[in-house]
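What follows is a single structure, written as structure tokens, with notes after it.
Values quoted throughout were computed directly from the atomic coordinates according to the rules given, and no laboratory measurement underlies them. Keep in mind it's a predicted model, so treat the numbers as computed, not measured. For neighbour counting, all protein chains shown are included, and Cβ atoms are generated from backbone atoms with ideal geometry for every residue, glycine included.
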Ligand SMILES: Cc1cc2nc3c(=O)[nH]c(=O)nc-3n(C[C@H](O)[C@H](O)[C@H](O)COP(=O)(O)OP(=O)(O)OC[C@H]3O[C@@H](n4cnc5c(N)ncnc54)[C@H](O)[C@@H]3O)c2cc1C
């Protein structure tokens, strides 16, 4: 109990005081985190989502609190390799080809970052958002029903061999710079640590002091309940427009009427793009669709989340089964889920855990919010008192709590304790 109270005390110290009503758009991990830290700073919060809390990308992710995940997808040389990878049916990168013309301008900007300098710059900036994630989740969820879903654990990267691990040296060099060095496990010791893992997996890079969420959807719902418990309102509505008379936010227009406010937070994940257009900003953001397969009642219980590097999927021991999540699919927001990605995940899982049996499987897909420069947007849009809190790509569960805390501090006019320049939403406007 003491620890929880001190978490709240730390929150107050960081976020100061804020008066008036704050509308938070989006009840995913970013939105509920912002709502909680804003309440701790004294704000009256209205949390608006067209769905129940935690049903966007925050529902179906791999649950990993990936403190060491500082490397962006756009590593050096990706622009050359990507077309071949997308055409390889056994590689977990998919493109809905008829959508390519619409996505191409974003893809071009995205690939411009696939070089050494930008990769290191992005990794440096991501470190500030993700590296203390376990503590950030504890601070956020302390004193709420959500903390029951948090688990301390290692995060393990599985490779065929030491050579495969060494071939990944660029990513590991970025993690090293961020302060993360793995323990190396080889040969039969792999199966002692993870019984049931295929003999083809001969090397594990074990990152200690990480964590995961045993049910991300329920976690976000419990966090949202705590917003309500602290006097916040949760409204089920579609946010449609903003009144910015006099250059500052006055109200947010929704399918259920207008909500007056002195501050608004846009935390609508990948759907923040269309909302930003209503605010006059063109943000280059796309969906990187991902999929998961949940194996109910699995015969294998792995002790921690494992990123299987060959298949680029993460297997996580969730409360309701073994969740295997991964794949990147570019196809925009309107397309229905495709058949090939979950089929590939199943194939990769069968290869990794050959003896796995289970009762039934469930499939899910969701949209990772992907700005073209792989950095989240965190900060005020001009002087409007509208703040962005979205765009976390593959690390939104990891980075959501800190993002919410930063945005609450900025809204309260206090020191967020981090240089927010790399995340400033205006970086895109300045380029135009
Ligand atoms: C397969 C997969 C695996 C992943 N694994 C991990 C992982 O292990 N660790 C990790 O850190 N991250 C992971 N991620 C990424 C992570 O899930 C996302 O980055 C994160 O959930 C984004 O959270 P969010 O709150 O920004 O968006 P969301 O959770 O998508 O929430 C946005 C909310 O806004 C609402 N909304 C949108 N538009 C409107 C509107 N106009 N009006 C009202 N409401 C609106 C939506 O309904 C939604 O509820 C994974 C993602 C996928 C797809």
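So what is Rg over Rh here for region 173-240, counting just Cα atoms and using Kirkwood for Rh?
When Rh is taken as the Kirkwood radius, the ratio is 1.26.
Could you tell me the extents of region 217-326's C-alpha atoms along the three principal axes, largest first, rounded to whole Å?
If we take the Cα atoms of region 217-326, the spans are 60, 36, 20 Å.
Would you please state the base-10 log of I(q)/I(0) at q = 0.15 1/Å for region 125-227, with intensities from the Debye formula using one equal scatterer on every alpha carbon?
Debye intensities relative to I(0), on a log10 scale: -0.76.
Could you state the angle between the C-alpha long axis of helix 2-15 and the longest principal axis of the C-alpha atoms of the chain, as a value from 0 to 90 degrees rounded to the nearest 10?
Helix 2-15 sits roughly 60 degrees off the main axis of the chain.
Return the single residue from 341, 101, 371 with maximal mean-square fluctuation; model: Gaussian network over the chain, springs between Cα atoms under 10 Å.
Sorting by GNM fluctuation, first place goes to 101.
Hey, fewest Cβ within 10 Å first, where do 363, 329 land in order?
363, 329
Counting pairs of alpha carbon atoms under 8 Å apart in space and at least six apart in sequence, what relative contact order in percent does the chain give?
Result for the chain is 26 percent.
Pairs of alpha-carbon atoms within less than 8 angstrom and 6+ residues apart define the contacts here; what relative contact order does region 127-265 have, in percent?
Across region 127-265, relative contact order equals 24 percent.
Could you state the per residue volume, in Å³, of the convex hull enclosing the Cα atoms of region 206-264?
Taking the convex hull of the Cα positions in region 206-264, it is 166 Å³ per residue.
What translational diffusion coefficient, in µm²/s and rounded to a whole number, does the Stokes-Einstein relation yield for region 271-397 at 4 °C and a viscosity of 1.567 mPa s, taking the hydrodynamic radius as the Kirkwood radius over Cα pairs?
79
Give me log10 I(q)/I(0) at q = 0.09, 0.14 Å⁻¹ for the chain, Debye formula, one equal scatterer per alpha-carbon, no solvent.
Those come out to -0.53, -1.32, one per q.
With a point put 7 Å past each Cα toward its Cβ, work out how far residue 192 is from residue 255 in nm, to one decimal.
Result: 5.7 nm between the two label points.
Which of 156, 23, 194 moves the most in a Gaussian network model of the chain with Cα springs under 10 Å?
Looking only at 156, 23, 194, the biggest GNM fluctuation is shown by 194.
To the nearest whole percent, what portion of all C-alpha pairs in region 382-432 is separated by more than 12 angstrom?
For region 382-432, the share of Cα pairs beyond 12 Å comes to 68 percent.
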